[in-house]
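For reference, the structure discussed in these notes is given below.
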Amino acid sequence: MAMMAKIKKISLGNWMLIGMVLGFLLGLILNFYVTNPFIKDVILIDNVFYLGGTGFIRLMKMLVVPLVFFSIVVGVASISDIKKIGAIGGRTILIYLVTTALAVSIALLISSMIKPGVGLNMIGIAQGNVTTNATLTDTVLNIIPENPFSSLANGDMLPVIIFALLIGIILAKLREETQVVNDFFTQANTIMMEMTRIVMKFAPIGIFCLMARTFASLGFGGLLPLAKYIGCVLLGLAIQAFVVYPSLLVIFTRLNPIQFFKKFISVMFFAFSSSTSNATIPLNLEKLSELGVSRDVSSFTIPLGATINMDGTAIMQGCAVMFAAQAYGMDLGMTALLTVVFTAVMASIGTAGVPSVGLITLTMVFNSVGLPVDAIGVIMGIDHILDMVRTAVNVTGDAICTIIVAFKNKSVDLDIFNGRKEPTETWDDITQF
Ligand code: ASP
């Protein structure tokens, strides 16, 4: 009885870790049999794992189009406050997009140097096809949906995103006139978030099957590439958090990054342990107030950032694309790389700030350059740990951009920021737009 209660208490994240470790160990054992010419009856087990793993990937694929579509429509429609908030809105969105583009570029650069996927031959594991790169003109033209419904049906994400952005902007503009449709999209988005939560409950089983199948085929040889992939993502995240953000802070505000991190580190830990930017919003707001940032700015920019600004997620996606491309022996040309940057920025907008969603929107980045999404199965096993770290970076990006925007708006009390004055209750009242 007590044992059951203990098992029930294990969090989903820990179940994923358990699935990963058990799948990995079983995979290694099976690999011994696969490579042993006298034993041939592992095929049946392979089919069971294929069913469990690919079944889970299909469930994730099922979510992508509606999840991204509704999330972008609702996200953009709610940015109608931009008008109220004036220049801040445009500036915030611009900084959010630029930092994400920078993040994914760093990831591409790091993983093209470290080459995590080289030495991992995945062609035998995955079922999808590797397609060739499209030309730049094609890529640009393909962004414009000829028929949005066929794009939705085919899962062509870039035209879907453009269509979703347009609907969101128009909903924001027409407001009351389209309130019913607005409510419909908001509720549809809630339904998709709930469906994501339910699908994720199956993640431990999916991860177990995927890990077992991957390592049954790769054996110990799969370890090094995976470790290199983890290294790439962590390095990218560290550069973004401790080089890019402090530099931006110094360049645009001349504020001391150490002062920032001293107060902000607790927010990073909270995001790390919860793996959700959304749940971190209240703490983020509180710490920014303690840093002297006016709530007038942060109460708009932080929730917005938790929805559309995912620099850490973009770093994981950049590394994952390179990892898979290298493992498939696919050479990504300049056009494909630009497509990855663009799609990852869009994916960041479409990624909800809850655990593991970055993995779901990763499928759209893979699709944009014709990589088989089955490759995601290999990295899925270890994604939970990376999700924790990248969420910490996601929320740090939101806070840094907020400080920059607030500083330009004269909405940062420098004495409070530098610890010369205690944060005051009345701070909100004395700031002005
Ligand atoms: N867990 C991330 C966040 O909430 C999203 C993701 O990358 O899965 O920020």
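The values are calculated or read from the model by the stated rules, or taken from the named source; none is laboratory data. Because the structure is predicted, anything quoted here is derived from the model rather than measured. Please note: Cβ atoms are built from the backbone with ideal geometry, for glycine as well, and neighbour counts cover all protein chains shown. These accessible areas exclude ligands, DNA and RNA; they are computed on the full protein's heavy atoms, side chains included. Shrake-Rupley method; radii C 1.70, N 1.55, O 1.52, S 1.80 Å.
Taking the longest Cα principal axis of the chain as reference, the axis of helix 179-201 is set at about 40 degrees. The C-alpha atoms of the chain define a longest principal axis, and helix 43-77 lies at about 20 degrees to it.
Under the combined filter of DSSP loop state and at most 15 neighbouring Cβ atoms within 10 Å, region 293-399 retains none of its chymotrypsin sites (Phe, Trp or Tyr not before Pro). Using a Gaussian network model of the chain in which every pair of alpha carbons under 10 angstrom is joined by a spring, one finds that among L223, L158, L59 the greatest mean-square fluctuation is at L223. Mind checking which of A271, A392, A279 has the largest fluctuation in a GNM of the chain, springs on alpha carbons under 10 Å? In this elastic network of the chain, the residue with the biggest mean-square fluctuation among A271, A392, A279 is A279. Helix 223-239 and the long axis of the chain differ in direction by around 10°, with both axes built from C-alpha atoms. In Å, what Kirkwood hydrodynamic radius results for region 143-253 from the alpha-carbon pair distances? Across region 143-253, the inverse of the average 1/r is 19.1 Å. Compared with the rule-of-thumb size 2.2 N^0.38 Å for a compact globular protein, the chain has a Cα radius of gyration ratio of 1.01. Across T137, T391, T280, mean-square fluctuation computed from a Gaussian network of the chain (C-alpha pairs under 10 Å connected) peaks at T137. Here the label points at E422 and N14, each 7 Å from Cα along the C-beta direction, are separated by 3.9 nm in the simple model.
Summarised in one figure, the compactness ratio Rg/Rh of region 235-294, Cα atoms and Kirkwood Rh, is 0.97. Each of F242 and M3 was given a label point 7 Å from its Cα along the Cα-to-Cβ line. The distance between the two points is 4.4 nm. Annotation: D46 carries an accessible surface of approximately 50 Å², with a 1.4 Å probe and no ligand, DNA or RNA atoms counted. Each 5 Å bin from zero up to the one holding the largest Cα-Cα distance in region 316-427 carries the following percent of pairs: 2, 10, 17, 17, 14, 10, 8, 7, 6, 5, 3, 0. Between the listed residues F220, S151, P204, the Cα displaced farthest toward the positive end of the dipole of region 127-262, a dipole computed from Cβ unit charges relative to the Cα centre, is found at F220. Rolling a 1.4 Å probe over the protein chains gives Y33 an accessible area of about 90 Å². Between region 203-243 and region 301-350, what is the C-alpha centre distance in whole Å? Taking the Cα centre of each part, region 203-243 and region 301-350 sit 17 Å apart.
Of all stretches in the chain that contain no trypsin sites (Lys or Arg not before Pro) in a DSSP loop with at most 10 other Cβ atoms within 10 Å, the longest one is 41-253.
Rounded to the nearest whole Å², what accessible area per residue is found for the chain with the 1.4 Å probe?
On a per-residue basis, 45 Å².
Once the C-beta distance of T137 and F261 is scaled by a Förster radius of 30 Å, the resulting FRET efficiency is 0.10 to the nearest 0.05.
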